[in-house]
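The values are calculated or read from the model by the stated rules, or taken from the named source; none is laboratory data. This is a predicted model, so every value here is computed, not measured. We place every Cβ from the backbone using ideal geometry, glycine too, and count neighbours over all the protein chains shown.
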Ligand SMILES: Cc1cc2nc3c(=O)[nH]c(=O)nc-3n(C[C@H](O)[C@H](O)[C@H](O)COP(=O)(O)OP(=O)(O)OC[C@H]3O[C@@H](n4cnc5c(N)ncnc54)[C@H](O)[C@@H]3O)c2cc1C
């Protein structure tokens, strides 16, 4: 019996999903709206077009979580990595590519595959029949976004991300910071100590505001209107409105007593909240920002307790269509309310070319298993793929869900290795060694019939 998989969107995720499914003997139809319908960022009608930088970031599979994702995709015969290798250009330890030949090769490989066809059309409604993957990315067309919103609820689809910086818990100085919820609110001790607080004196606050005002900022790109004015103002915009604005907003010091120094009232307090179930990552509450990355680190490390902070991801505000995956998707990336639809790529709340392609790879394989009646074991949480998919489909806090890059904070901790900066090299090697073994084992369980 011939099985068909339909994929909406031939970007990073859709192209990889199509390749995986086609190589497993499934007929794939990619529905791509470009070049008929344009986006503000794409320039061509190619599949797998890179919309901005030409880098797939670090290629170090021993010490870097993105590099590990590269390794896992290569081990699974990924198309995006194969074509990236083919069109690699010198970039130190990063995997950068010659973008046009790269996308042309992705397009040519898919078009030449006997199991793949491409239909150039915009899909405007969510299909009710057949098995589909929705991989329409951060610039999903307006019509389809409206249809997704109708199916999932207005609150469940965002058009902008407003990312506050995320910090590795182990890099925070707990001799300075303390755990307490404002006014000790909550029924349980866990709730009453849910926030991590960093105190500031008046001098520290004034110096922080000066640095914030002077920091280099990123401008909005064309088509990225300033959609942040409803409750998620960047901190630098708040500071521009008045030096005291932040002290009345996310840095207000009320309802908090510093357990290290109960007699001294802080002039301002920066609060961090747990960002994942593992408790390895904390986001700075209300600190979405358009500061440039270099400036962000310098300014945020002025916060007492965060002097040595290591960032799992820096803040940003972008045009970005994404769904609230932790509430909407099951562990196989299917829409709970309409399981014939899988979501993949950036629309699921991962961030970046590599992460998007990786989620396409998983969605493609999951769809193959479903179409051919196989049962897949859950993707091991210990792998980069598993860490990401576990995060978006359950590990992340649904209330504050914002797009995420892959990082070691998403991995289950290793027993018996040193924590902190000193043990980092050994720890990262431990994570990546464990991931490689577990990923190979997961792959080897799947029978891949020849194309
Ligand atoms: C302005 C901008 C700059 C970015 N810069 C970077 C960067 O430098 N580095 C990085 O790693 N990431 C960057 N990103 C994020 C980047 O878009 C993603 O990492 C990656 O492209 C997402 O892959 P995807 O497959 O989910 O979406 P895409 O690669 O965007 O693919 C989605 C595809 O779906 C198509 N589509 C949309 N709606 C429909 C529809 N209704 N019917 C049919 N087809 C449809 C689109 O034409 C597109 O081809 C940027 C994003 C934006 C918006």
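With 46, 85 as the choices, which residue is more than 22 Å from residue 143 (Cβ to Cβ), in a loop (DSSP other than H, G, I, E, B) and more than 23 Å from the chain's Cα centre (by Cα)?
It is 46.
Sort out which residues of the range 254-279 are buried (at least 20 other Cβ atoms within 10 Å of the Cβ) and under 26 Å from residue 381 (Cβ atoms), and write them in order of number.
Scanning the range 254-279 gives 272, 275, 276.
I'm checking my understanding of the structure. Among residues of the range 24-46 that are more than 7 Å from the ligand (Cβ to nearest atom) and surrounded by 22 or more Cβ atoms within 10 Å (Cβ to Cβ), which one is farthest from residue 114 (Cα to Cα)?
Only one residue fits best here, namely 46.
Those residues that are within 17 Å of residue 354 (Cα to Cα) and in contact with a helix residue (DSSP H, G or I) (Cβ under 6 Å, 6 or more places away or on another chain), I need them from the range 19-55; list them, please.
Correct list: 19, 20, 47, 48, 49, 50, 54.
Testing residue 100 on (1) surrounded by fewer than 16 Cβ atoms within 10 Å (Cβ to Cβ); (2) assigned to a loop (DSSP other than H, G, I, E, B), one condition comes back false. Which one is that?
(2)
Could you grab me the full set of residues in the range 185-215 that are in a helix (DSSP H, G or I), without any contact (Cβ under 8 Å) to a residue 60 or more places away in the chain and more than 16 Å from residue 250 (Cα to Cα)?
Within the range 185-215, 189, 190, 191, 192, 203, 210, 213, 214 meet the criteria.
Looking at the range 259-321, what strands (runs of 3 or more DSSP E) fall wholly within it and have at least 3 residues that are closer than 16 Å to residue 404 by Cα and within 23 Å of the chain's Cα centre (by Cα)?
By residue number, 281-284, 311-313.
If you check residue 219 against the conditions, is it outside any helix (DSSP H, G or I) and not assigned by TED's automatic domain parsing to the domain that holds residue 400?
Spelling it out, residue 219 is indeed outside any helix (DSSP H, G or I) and not assigned by TED's automatic domain parsing to the domain that holds residue 400.
Only one residue in 425, 436, 418 is over 27 Å from residue 163 (Cα atoms) and buried (at least 18 other Cβ atoms within 10 Å of the Cβ), so which one is that?
Of 425, 436, 418, the one residue that is over 27 Å from residue 163 (Cα atoms) and buried (at least 18 other Cβ atoms within 10 Å of the Cβ) is 436.
Of the residues 156, 135, 145, which is in contact (Cβ under 8 Å) with a residue 12 or more places away in the chain and away from the ligand (no atom under 16 Å from the Cβ)?
Answer to the selection: 156.
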